[in-house]
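To start, the structure under review is shown below, and the notes come after it.
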Ligand SMILES: [Fe+2]
């Protein structure tokens with residue numbers, strides 16, 4: 001795994017674990033070992049997929065499946081897309097890793113708004129695609145409100161924003 005993807009993945013794992021612990025203190029029953037392993041491996045298919053044009057989450061899911069990490073398959077596979085039904089459903093390990101990934105730009109912890117602004121700048125080539133990204137942003141914003149509705153902290157809480165800056 002290239003160094004920059006490794007650094008990104010470690011930061012995503014830090015965010016997901018931080019939120020997972022808080023969620024579990026507030027009534028959720030997330031398997032934090034799954035959250036951590038899923039976050040560390042969520043982009044395992046990225047560099048190969050860039051070369052072949054495959055969808056990196058599908059390739060990554062296939063890779064972790066081949067390695068025998070069956071419980072990680074849905075976490076890796078579902079870390080990109082989000083639909084309204086998932087937002088309405090329970091907060092699972094997959095949902096948490098997906099959300100944590102949207103809070104990490106490269107290896108920097110940012111707000112959802114900043115992450116999506118960056119996505120629009122990098123990938124928003126047509127008005128239609130920008131509109132699609134904005135719709136995704138609204139969906140993740142709803143998920144964020146749901147996650148933080150369980151917790152006593154703000155999404156940009158200092159403890160969360162500074163995770164991993166003092167290793
Ligand atoms: Fe990814």
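A few comments on the model shown:
Here's the yes/no breakdown for (1) within 15 Å of the ligand (Cβ to nearest atom); (2) under 22 Å from residue 139 (Cβ atoms); (3) in contact with a helix residue (DSSP H, G or I) (Cβ under 9 Å, 6 or more places away or on another chain):
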position: 4; (1), (2), (3): yes, no, no
position: 7; (1), (2), (3): yes, no, no
position: 56; (1), (2), (3): yes, yes, yes
position: 64; (1), (2), (3): yes, no, yes
position: 81; (1), (2), (3): yes, yes, yes
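- The single residue among 68, 60 that is away from the ligand (no atom under 13 Å from the Cβ) and either at pLDDT below 95 or over 13 Å from the mean Cα position of the chain (by Cα) (or both) turns out to be 68.
- When the stretch 110-137 is limited to residues that are within 16 Å of the ligand (Cβ to nearest atom) and touching a residue at least 12 places away in the same chain (Cβ under 8 Å), the one that is surrounded by the most Cβ atoms within 10 Å (Cβ to Cβ) turns out to be 116.
- Selection within the stretch 85-97: residues that are under 19 Å from residue 36 (Cα atoms) and surrounded by 11 or more Cβ atoms within 10 Å (Cβ to Cβ). The member of this set that is farthest from the ligand (Cβ to nearest atom) is 91.
- Residue match in the stretch 36-50 (condition: in a helix (DSSP H, G or I), under 17 Å from the mean Cα position of the chain (by Cα) and more than 16 Å from the ligand (Cβ to nearest atom)): yes
- Subset of the stretch 63-84 [free of Cβ contacts under 8 Å to residues at least 12 places away in the same chain and surrounded by 13 or more Cβ atoms within 10 Å (Cβ to Cβ)]: 65
The values are calculated or read from the model by the stated rules, or taken from the named source; none is laboratory data. For clarity, every value in this text was computed on a predicted model and none was experimentally measured. Don't worry about glycine lacking a Cβ; one is built from the backbone with ideal geometry, like all the others, and counts go over all protein chains shown.
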